[in-house]
Amino acid sequence: MSVTEPTERAARSRPATSPGDRVFAGLSSAAAIAILVALAGVFVFLFIEGFPGLHADAGVYKPAEDFLSYVGPLVFGTVWAAVVALVIAVPFSIGVALFISHYAPSRIAAPIAYVIDLLAAVPSVVYGLWGGLALAQATKPVINWLFEHLDFIPFFAGPPSVTGRTMLTAGIVLAVMVVPIVTAISREIFAQTPRLHEEAAMALGATRWETIRLAVFPYARSGVISAVMLGLGRALGETMAVAMVLSATPVVTLNLISDTNPATIASNIASNYKEASPDRQAVLIATGLVLFAVTFLVNFAARWVIARSERSITR
């Protein structure tokens with residue numbers, strides 16, 4: 001337990017006395033309760049509207065036979081696309097955040113941070129158009145090279161796509177969408193590292209990289225995990241960009257460069273909801289309930305990892 005922990009606990013338990021404190025405490029409590037109510041309302045809606053889809057007639061699930069066989073490939077595609085995006089985005093985001101916070105001079109760091117933050121303001125439809133029309137064509141030489149030289153790896157077993165609309169392309173698009181979230185949060189966490197910790201490491205003869213590895217990363221670990229989990233949530237729930245890039249089918253495959261790609265839950269709902277019958281709509285809403293549960297479990301696991309990380313730091 002850290003020395004400041006009892007003081008912080010006492011400060012949190014101290015009742016608000018002044019009118020301003022009471023008003024602020026009331027507004028904060030109301031905001032927190034409103035978020036919980038909205039979250040519960042979303043869950044109740046998905047459960048009520050989607051429950052009939054859990055046990056509909058077998059013909060509604062075509063080409064699958066039941067709900068589990070229908071939603072299973074969609075869950076796989078959702079998680080697989082998010083994992084591919086994070087593998088690409090997280091190292092790049094952490095590198096950019098470190099460059100902005102510890103390496104670049106302020107006259108360069110500020111414009112780069114501004115441009116990275118602007119990426120979050122680009123609509124997902126624009127990313128989808130860019131991915132489907134421009135990036136898909138640009139990645140075709142890369143896809144062919146991966147197939148020719150690395151086809152012994154299941155990820156690049158092929159046959160290579162002739163359109164470029166592959167899971168690899170979708171993962172790159174999602175990675176670009178995730179980068180501003182992870183970068184912005186990581187940058188702020190890195191910048192909050194106590195200056196005395198870094199100066200102490202450098203006084204002991206550590207290089208710039210050793211200072212970052214020994215002083216910055218341990219301090220920022222929980223914050224970086226939070227940033228990655230927020231990026232994962234964005235990747236799991238993305239709809240239009242994935243739907244516009246992939247010609248997806250409900251299959252389970254690790255192949256990143258083929259025309260046969262797994263569909264995600266969100267893109268499957270967006271592509272099929274408008275023309276669906278009432279029974280089919282119930283099935284799609286039920287898959288949305290599954291996505292809600294997956295996202296909740298991911299965030300719960302992230303909070304557990306962060307809490308465990310914080311406890312290890314304070315020991």
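The values are calculated or read from the model by the stated rules, or taken from the named source; none is laboratory data. Just so it is clear, the structure is predicted and the values come from calculations on it, not from any experiment. Every residue, glycine as well, gets a Cβ built from its backbone with ideal geometry; the counts of neighbours run over all protein chains shown. When the accessible area is computed, the model is the full protein with side chains, heavy atoms only, and any ligands, DNA or RNA have been set aside. Shrake-Rupley method; radii C 1.70, N 1.55, O 1.52, S 1.80 Å.
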Legend entry - Residue match in the range 192-203 (condition: under 30 Å from TYR219 (Cα atoms), open to solvent by less than 20 Å² (accessible area, probe 1.4 Å), aliphatic (A, V, I, L, M) and more than 23 Å from the chain's Cα centre (by Cα)): yes
Inset, instruction - Residue by residue through the range 161-182, note down the ones that are open to solvent by 10 Å² or more (accessible area, probe 1.4 Å) and either assigned to a loop (DSSP other than H, G, I, E, B) or without any contact (Cβ under 8 Å) to a residue 40 or more places away in the chain (or both). - result: VAL162, THR163, ARG165
Legend entry - Test for ARG234: is it farther than 30 Å from THR287 by Cβ, open to solvent by 60 Å² or more (accessible area, probe 1.4 Å) and touching a residue at least 40 places away in the same chain (Cβ under 8 Å): no
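Any residue in the range 290-311 that is part of a loop (DSSP other than H, G, I, E, B) and either under 22 Å from ALA89 (Cβ atoms) or modelled with pLDDT of 80 or more (or both)?
no
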Inset, instruction - Starting from residues that are open to solvent by 20 Å² or more (accessible area, probe 1.4 Å) and of a type in the set (Gly, Ala, Ser), keep the ones in the range 45-63 and report whichever is nearest to the chain's Cα centre (by Cα). - result: ALA56
Inset, instruction - Please state which of the following conditions ILE257 fails to meet, knowing it meets all the rest: (1) under 21 Å from TRP80 (Cα atoms); (2) open to solvent by less than 40 Å² (accessible area, probe 1.4 Å); (3) assigned to a helix (DSSP H, G or I). - result: (3)
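Results for (1) surrounded by 10 or more Cβ atoms within 10 Å (Cβ to Cβ); (2) at pLDDT 90 or above; (3) under 27 Å from VAL173 (Cα atoms); (4) among the β-branched types (Val, Ile, Thr), shown as yes or no for each residue.
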| residue | (1), (2), (3), (4) |
| --- | --- |
| ALA10 | no, no, no, no |
| PHE24 | yes, no, no, no |
| LEU39 | yes, no, no, no |
| PRO73 | yes, no, yes, no |
| VAL87 | yes, yes, yes, yes |
| VAL90 | yes, yes, yes, yes |
| GLY95 | yes, yes, yes, no |
Legend entry - Test for PRO250: is it over 30 Å from GLY158 (Cβ atoms), open to solvent by 20 Å² or more (accessible area, probe 1.4 Å) and of a type outside the set (S, T, N, Q): no
Legend entry - Filter result for ALA138 (open to solvent by 30 Å² or more (accessible area, probe 1.4 Å) and closer than 20 Å to VAL122 by Cβ): yes
Legend entry - Pair list, Cβ under 7 Å, 6 or more apart: the range 285-299 residue closer than 10 Å to VAL71 by Cβ, other residue open to solvent by 50 Å² or more (accessible area, probe 1.4 Å) and modelled with pLDDT of 85 or more: LEU289/PHE47
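Table: residues versus (1) among the small types (Gly, Ala, Ser); (2) closer than 28 Å to SER277 by Cα.
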{"position": "LEU27", "(1), (2)": "no, no"}
{"position": "VAL37", "(1), (2)": "no, no"}
{"position": "GLU65", "(1), (2)": "no, yes"}
{"position": "ALA104", "(1), (2)": "yes, no"}
{"position": "ALA110", "(1), (2)": "yes, no"}
Inset, instruction - Taking the options PHE156, PHE217, name whichever one is within 30 Å of ALA243 (Cα to Cα), among the aromatic types (Phe, Trp, Tyr), open to solvent by less than 80 Å² (accessible area, probe 1.4 Å) and out of contact with any Lys or Arg (no Cβ under 9 Å at 6 or more places or on another chain). - result: PHE156
Legend entry - Pairs where the first residue, in the range 192-210, is among the small types (Gly, Ala, Ser) and the second is open to solvent by less than 60 Å² (accessible area, probe 1.4 Å), C-beta under 7 Å, 6+ apart: ALA201/THR211; ALA201/ALA215
Inset, instruction - Looking only at the range 88-116, count how many residues are in contact (Cβ under 8 Å) with a residue 40 or more places away in the chain and either closer than 28 Å to LEU297 by Cα or among the β-branched types (Val, Ile, Thr) (or both). - result: 10
Inset, instruction - Confirm whether VAL283 is open to solvent by 30 Å² or more (accessible area, probe 1.4 Å) and either among the aromatic types (Phe, Trp, Tyr) or over 14 Å from the mean Cα position of the chain (by Cα) (or both). - result: no
